[in-house]
Every structure is written in structure tokens, then in C-alpha cells.
1. Tell me which helices (runs of 4 or more DSSP H) are completely within region 139-242 and hold 2 or more residues being more than 30 Å from Leu10 (Cα to Cα), or say none if there are none.
2. For the subset of region 223-246 comprising residues that are crowded, with 20+ Cβ neighbours inside 10 Å and under 14 Å from Ser64 (Cβ atoms), which member is modelled with the lowest pLDDT?
3. Show the residue pairs that are 6+ apart or on different chains and have beta-carbon atoms under 7 Å apart, the first residue being within region 1-29 and hydroxyl-bearing (Ser, Thr, Tyr), the second being part of a loop (DSSP other than H, G, I, E, B) and modelled with pLDDT under 90.
4. Restricted to region 141-162, and to residues that are at pLDDT below 90 and crowded, with 23+ Cβ neighbours inside 10 Å, which residue is nearest to Ala188 (Cα to Cα)?
5. Any residue in region 105-116 that is modelled with pLDDT of 80 or more and touching a Leu at 6+ places or on another chain (Cβ under 6 Å)?
6. Got a sec? Which helices (runs of 4 or more DSSP H) wholly within region 1-101 have at least 2 residues that are surrounded by fewer than 17 Cβ atoms within 10 Å (Cβ to Cβ)?
7. In this structure, does His87 turn out to be over 13 Å from the mean Cα position of the chain (by Cα), of a type outside the set (A, V, I, L, M, F, W, C) and closer than 23 Å to Arg207 by Cβ?
Amino acid sequence: MRLLCSYLQLQLPRVAFLISQANSKGTNTPIETFAERLAMEVDDFISSAREKLELQHISFIAFSIGGCVLSAALNLPHMRKYLPFLHTLCAISCPLLGLLVPSDSYMVASGLWFMANVAGDVTLKEISMVDGQASGNHALLRLNAKGRFPRFKHVLLIGSTQDLFVPLYSSHMQPPGHLPESDPRRQAIARMAENALSSLSGASLRRIAVTFHQQTGVDAIGRAVHVMFLENVPFLRLLSLRYAHFFQADEEEVSVNL
């Protein structure tokens, strides 16, 4: 994320950036706990910068599970004061609709199942919707309940069919077309997508599909392309050059990157 921020700072010299560190060391943690940490970090950063900056807009760049964490954070009571300032969301390969439909890669699907069901990774259990099975009280359903998705003015949803970790349907917030209408998974995903998109009815929404021509091969859990979103220099340069104007404001702006 630091590399992307460096490129954006060249395009947006008057924008203040925060690269979030609140959850850099925490793993195997519920999304809501991640969200609490992030909310405190953002609030502290903006409060401490009040003397130097006049807050006009707030934009977020989120990567991977950070998109789910961000959505949860912006629904916390002490973050609601910032909702009128929301400007742009750039969600890079974020499982916004979870991982209910597994990857086409058997290796990746098996690895995720093992981490969620055997190793007991709390975060993966939540985005795979294997938490709260007895009561049906899934964290992802709560996160995508009607009216919960933050109301940004501009939304960039970036994903790739080459990403074996986060399927394109989830990063683009579109129900997978290969599932029949009667499939309970499709119904759950469609309901979450409808709820989220209803909050963005007045926003400019762009879905961006990325193809990487120089692949490094598939690593042990199939996340090579997923990580390339943060490491591929041509992609990061193109993203910053082509879409920097979505973060532009008349006055100073705070951009938080997850």
C-alpha cells in the first residue's frame, strides 16, 4: 500500500495520507475488533490534524479484508460524525460479498476451508460465512444489512478473474452467474449485493477488471495475483495516473489506506 500511496502523493500533493497500522500485527481476530482499532486510529489522526488541515472530504483505499473492516468501522457510533465527508472508496480485491462460493482452484478452496474450519481462523470463518451457523447470525450478513454500506460519492471496485483468493463476483459486488437462482448461496449473495448497492444509488460506481500479463506463478495458497495488486508497479502507476482525480478535492483531504 505504501507504493500506491507514493504514486498518489505525486498526483495529489495537497492531500493528507494515513497508512493504517492499527491492524498490522493483529491476526485471527473478528472483523468487528479490527473495525474498532481502525476507527480509533482514523479518529485520532483526524483530530490531531485539525490545527493543520480543514477537513473537506475523506476517501479510503482498502485492500482485501480491509474493505470489510472499513465498512464495519464506518458504522461505529464514534465514526458517524465523518459520514457526511465520505468522498471516494477504492476497494482493491476486497471480498465485500464474502467467500461463500469457493475459488475455482481446488488448492485455494481447500486451503481456505482448512484455515476456516480446522485451524479456526476467525476472520476467514466470518467472510466464508461458517461463523454463527447454529443461529444464522453471520457477521457478513450483519455487515451487509440494508442501509449499512457507507454512502460514498464515488466507488471504484477493482478485481481480477486471475485472483484465486478473492473471486471477481465478491470484489465487484455482483452475484456469480454460474449459480442457479434456487441456490441458497446465490440468494444470500444477491441479498447482500442488493443491500449494499441500495446505499450507493446516488454514487458513481465503476467496476474495474484487471489482467496481469506478468504472473509470478501460484504460491502455496494461490495468492500470487492477489498480492500483485500491491506489488505490480505498472498496475499501481496506471491506477494512480488514471484515477487520482477521484480523490481530488477543492481543499485539503484526508485519505486513509487499509
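1. On the way: elements: 139-143, 168-171, 184-198, 224-231.
Counting at least 2 such residues, we get 139-143, 168-171, 184-198.
2. Among those residues, the one meeting the criterion is Val225.
3. Listed pairs, sorted by first residue: Ser20/Leu258.
4. Result: Asn144.
5. So far as region 105-116 goes, no, none of its residues is modelled with pLDDT of 80 or more and touching a Leu at 6+ places or on another chain (Cβ under 6 Å).
6. Per the criteria, 2-11, 31-48.
7. yes
The values are calculated or read from the model by the stated rules, or taken from the named source; none is laboratory data. A quick note: this is a predicted structure, and the numbers were derived from the prediction, not measured. Here the Cβ is made from the backbone with ideal geometry for all residues, glycine too, and neighbour counts use every protein chain on show.
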